[in-house]
1. Please enumerate the residues belonging to the stretch 20-34 that are modelled with pLDDT of 85 or more, within 16 Å of A117 (Cβ to Cβ) and either in contact with a Ser or Thr (Cβ under 7 Å, 6 or more places away or on another chain) or part of a helix (DSSP H, G or I) (or both).
2. Kindly establish whether G65 is in contact with a Leu (Cβ under 7 Å, 6 or more places away or on another chain) and not polar (S, T, N, Q).
3. Which pairs turn up if I take residues in the stretch 82-109 that are among the β-branched types (V, I, T) and look for partners that are surrounded by 13 or more Cβ atoms within 10 Å (Cβ to Cβ) and in a loop (DSSP other than H, G, I, E, B) with beta carbon separation below 8 Å, at least 6 apart in sequence or on another chain?
4. Please state which one of M176, M223, M139 is farther than 17 Å from D97 by Cα, out of contact with any helix residue (DSSP H, G or I) (no Cβ under 6 Å at 6 or more places or on another chain) and at pLDDT 75 or above.
5. Mind listing whichever residues of the stretch 140-181 are among the hydroxyl-bearing types (S, T, Y), under 19 Å from the mean Cα position of the chain (by Cα) and closer than 18 Å to R193 by Cβ?
6. In the set T127, T120, T164, which member is in contact (Cβ under 8 Å) with a residue 24 or more places away in the chain, closer than 30 Å to Q61 by Cβ and not assigned by TED's automatic domain parsing to the domain that holds L28?
7. Given the options L128, L167, name the one that is within 25 Å of R184 (Cα to Cα) and either surrounded by 14 or more Cβ atoms within 10 Å (Cβ to Cβ) or of a type in the set (G, A, S) (or both).
8. Can you tell me which of T8, T37, T16, T51 is among the β-branched types (V, I, T) and closer than 20 Å to D121 by Cα?
Amino acid sequence: MSSRPRRTQAERRTATRGRILDCTADCLLERGYTATTVSEVQQRSGLARGTIQHHFPTRAQLIVGAMSHLVDTRISRFREEAALIAPGPGRMQAVVDLAWRDLSSPIFFAALELWVAARTDAELRATLVPEQDRLFAAMRELYAETLGEPYTSDPRVETLVEFTVDLLTGLSLATMLSSSAGSREAVLRRWKRALAVLAGVLPADELLGGRSLSELLPPGGTMTP
């Protein structure tokens, strides 16, 4: 019976680094930024502190390494779910739902903790910004790729994607302190309709719930402030 081949030094290094990042990511998701310390990661991983610091000399590098690991997971998950969206007229609305799942996921809230901490931590901010830029660039490409034609070549879509991300990010922040699922679903429905109007799929009256603007105006035909 042949023995299992011994791992190379590079393979052992990769496995150790992966173990550190997995434990750091788990801690960040479960306990938040403040509680994610080298000591906590050491306890979770069972590795020596020196081993952890050999791979990540500072706590900021450890945190951002874990964030990079989570970013890769987030991109991969988005791509896998996007591949399941069927072609057709409802594709744009399905992309909004996918974006919402992404922007209200535990990984998003882990990133949010880092954003808040980076506001007053120059070292963390310097290492976090490039990683966030990588994420944003990848997600923009994924949104365009998932929407497909005729949206991909439509010059309006880049702006609509930005608006969608900003709106859903704000909605996700609002839900941190609110459990009103009905209100959240209403916002999503209205934004899907607005996107369809802005993209020219639906007539402008649909933005008003199917009623014409003249029906909503008071006598005299002008809106009052």
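1. T24, A25, C27, L28, R31
2. yes
3. V95/I85
4. Testing whether each residue is farther than 17 Å from D97 by Cα, out of contact with any helix residue (DSSP H, G or I) (no Cβ under 6 Å at 6 or more places or on another chain) and at pLDDT 75 or above leaves just M176.
5. Correct list: T159, T164.
6. So the residue among T127, T120, T164 that is in contact (Cβ under 8 Å) with a residue 24 or more places away in the chain, closer than 30 Å to Q61 by Cβ and not assigned by TED's automatic domain parsing to the domain that holds L28 is T127.
7. L167
8. T37
The values are calculated or read from the model by the stated rules, or taken from the named source; none is laboratory data. Owing to the predicted nature of the structure, the values given are computational and were not obtained by experimental measurement. Heads up, the Cβs are rebuilt from the backbone with ideal geometry, glycines too, and the neighbour counts pull from every protein chain shown.
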